[in-house]
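K.L.:
Below are the structure tokens for one structure; questions will follow.
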Amino acid sequence: MGASPLFGLLALGVAGLAAAASSLYPRWVTRRVLKRMRSCARIDISAYPSGAIRRVVGVVHARGELLEAPLTGRRCVAYEVVVWDGSLRCADERKAVPFVLDDRTGRAVVYPEPLALALALPMAVELAESDPRRRLLLERLAVDLNKRDGTTREVRCVEAALEPGWWAAVLGRGVASVDPSGAPPTEHIGGFRAPAEASMVTIAGSVRVPVCVSDDASVLSDAPR
């Protein structure tokens, strides 16, 4: 017994909704992360209450080995790539390594796992089909370029990277302590009453409270330019 026309229409509707949700996924995730970050006021690292969830903004510094952005080869502490087939998302990849954030009042050591990343994605990075970086990325993300009709699928690859020296915002649960390196902050803003010891915060995530990292202007609005 064949399927009813109504069932066929319902199946097509579900497939359409799934495709639409897939295409909006990176944008929806970005909005959700940024909304959460904006809901928490920025605080100086030197004033961070130990054990609290706060947003800090500062300059990114490397802490150890850096990542290499897949398409451009930029050295960075975090990157995000999205592969698009027209308006549909084929695949995406987000990675980050521990880094240091300096806001001139102290330092935050950030362990971005679990990670909620919301980088400002630039325009598509156009690489030749024969470019090994593009080919390796598509192979690693298991993107099938072959269509059923025998033609080749045209895809766009978009990349964003957070590099040392850039401003970034971080939201997570932090533990305050005295900086064991003894390194003073870049610039004391506490006046003559400022403590002599340098402040440090260790920010790490959990399944319930992932570390949110972004370079979006909406969460850097109170950062110096």
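K.L.:
For segment 94-110, enumerate the residues that are open to solvent by 20 Å² or more (accessible area, probe 1.4 Å) and in contact with a Lys or Arg (Cβ under 8 Å, 6 or more places away or on another chain).
P.N.:
97, 98
K.L.:
Kindly provide the set of residues from segment 67-80 that are open to solvent by 50 Å² or more (accessible area, probe 1.4 Å) and part of a loop (DSSP other than H, G, I, E, B), ordered by number.
P.N.:
Going through segment 67-80, the residues open to solvent by 50 Å² or more (accessible area, probe 1.4 Å) turn out to be 68, 72, 74-75.
Residues satisfying the conditions are 72, 74.
K.L.:
Select from segment 202-219 the residues that are modelled with pLDDT under 90 and either among the β-branched types (Val, Ile, Thr) or under 12 Å from residue 58 (Cβ atoms) (or both) and list them in ascending order.
P.N.:
Of everything in segment 202-219, those that are modelled with pLDDT under 90 and either among the β-branched types (Val, Ile, Thr) or under 12 Å from residue 58 (Cβ atoms) (or both) turn out to be 207, 209.
K.L.:
OK, next. Condition test on residue 139, is it assigned to a helix (DSSP H, G or I) and open to solvent by 70 Å² or more (accessible area, probe 1.4 Å)? Please lay out each step first, then the result.
P.N.:
Details: assigned to a helix (DSSP H, G or I): yes; open to solvent by 70 Å² or more (accessible area, probe 1.4 Å): yes.
When the stated conditions are applied, residue 139 passes them.
K.L.:
Next question. Considering only residues that are among the basic types (Lys, Arg) and either within 25 Å of residue 46 (Cβ to Cβ) or out of contact with any strand residue (DSSP E or B) (no Cβ under 6 Å at 6 or more places or on another chain) (or both), which ones fall in segment 74-88? Walk me through how you get there before you give the answer.
P.N.:
The first filter runs over segment 74-88 and keeps only residues among the basic types (Lys, Arg), leaving 74-75.
Of everything in segment 74-88, just one residue is among the basic types (Lys, Arg) and either within 25 Å of residue 46 (Cβ to Cβ) or out of contact with any strand residue (DSSP E or B) (no Cβ under 6 Å at 6 or more places or on another chain) (or both), namely 75.
The values are calculated or read from the model by the stated rules, or taken from the named source; none is laboratory data. Note that the structure is predicted; figures quoted are calculated from it, not measured. Ideal geometry is used to build each Cβ from the backbone, glycine not excepted, and the neighbour counts take in all protein chains shown. What goes into the accessible areas is simple: the full protein's heavy atoms, side chains included, and nothing from ligands, DNA or RNA. Shrake-Rupley method; radii C 1.70, N 1.55, O 1.52, S 1.80 Å.
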